[in-house]
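The values are calculated or read from the model by the stated rules, or taken from the named source; none is laboratory data. In this text, all values refer to a predicted model and were calculated from it rather than measured experimentally. Glycine gets a Cβ as well: all are built from the backbone with ideal geometry, and neighbour counts include every protein chain shown.
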């Protein structure tokens, strides 16, 4: 991994960001007398391009002064994570605010070049990991098509992080091995993490925020994230409506506006994706997957699985 340690000036930080697809249009610093060679951050900043097509950016930086960053991010699908006690807060697109709290993640889908702006306060420290993919970087056409399908709209979505996902992210942010073994570990962790992100994005439709107020959409996000975090729970409409502080009738009316399907249709899909993950990666039997997905009979589960993924569950066990 190409790594810079020490202090970063405005020019060095701008040049580094451009290697990761972010082009600055304006960078203002307080006090304004600071020039382009004055240190802006201190810490470490590293980049790595993996053979599979995924790119990584790992940073652990402390801001040395107040600064406002404006630029354009290129078309891509990116997982953004923050570790420790820090947080990031930036403006995405025309009017979207992206806040990534400590030990959480978001999936940023940019269908076309989009404006992104951020503000840093003197003394602020953040340890971040960015995992980026572009369709044109993948030789595997199937994966490229899946990424392409996730770029239909410019969106920001919270990505629920399981314990397993946090372990993968930690390995990428602080590698336990170097050299060839380190590169193999980085690629395997990045691929699994990105596969989980794709599964999460495909388990829902992109939000139709134009038909909802920002406040209503935020409430529907609470419901969606609760189901994605624990799809095997026995949810009821009453429980989920209470979670979002809305009535059941409001939940039934507004959830489809946000995600293109009813609450329980969304939950069925989320359970099927989780069942597929269990079959492919965790050694589940078809019976275990069917039970998790809420099917009493394996034949009904197999039919639903085939409709969703175009193959029987047993094929997933051998992939």
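A few remarks follow.
- Wholly within region 242-319, helices (runs of 4 or more DSSP H) carrying at least 3 residues that are within 26 Å of residue 164 (Cα to Cα) and out of contact with any strand residue (DSSP E or B) (no Cβ under 8 Å at 6 or more places or on another chain): 263-281, 286-293, 298-309, 313-317
- Of the helices (runs of 4 or more DSSP H) contained entirely in region 118-202, not one carries at least 1 residues that are free of Cβ contacts under 8 Å to residues at least 12 places away in the same chain and in contact with a strand residue (DSSP E or B) (Cβ under 7 Å, 6 or more places away or on another chain).
- Residue, modelled with the lowest pLDDT, within region 57-84, restricted to residues that are under 16 Å from residue 130 (Cβ atoms) and outside any strand (DSSP E or B): 84
- For the residues 293, 241, the requirement of being closer than 14 Å to residue 222 by Cα, assigned by TED's automatic domain parsing to the domain that holds residue 221, surrounded by 14 or more Cβ atoms within 10 Å (Cβ to Cβ) and over 22 Å from the mean Cα position of the chain (by Cα) singles out 241.
- Candidate set from region 8-37 (those that are surrounded by 15 or more Cβ atoms within 10 Å (Cβ to Cβ), touching a strand residue (DSSP E or B) at 6+ places or on another chain (Cβ under 7 Å) and not in a helix (DSSP H, G or I)); member that is modelled with the lowest pLDDT: 27
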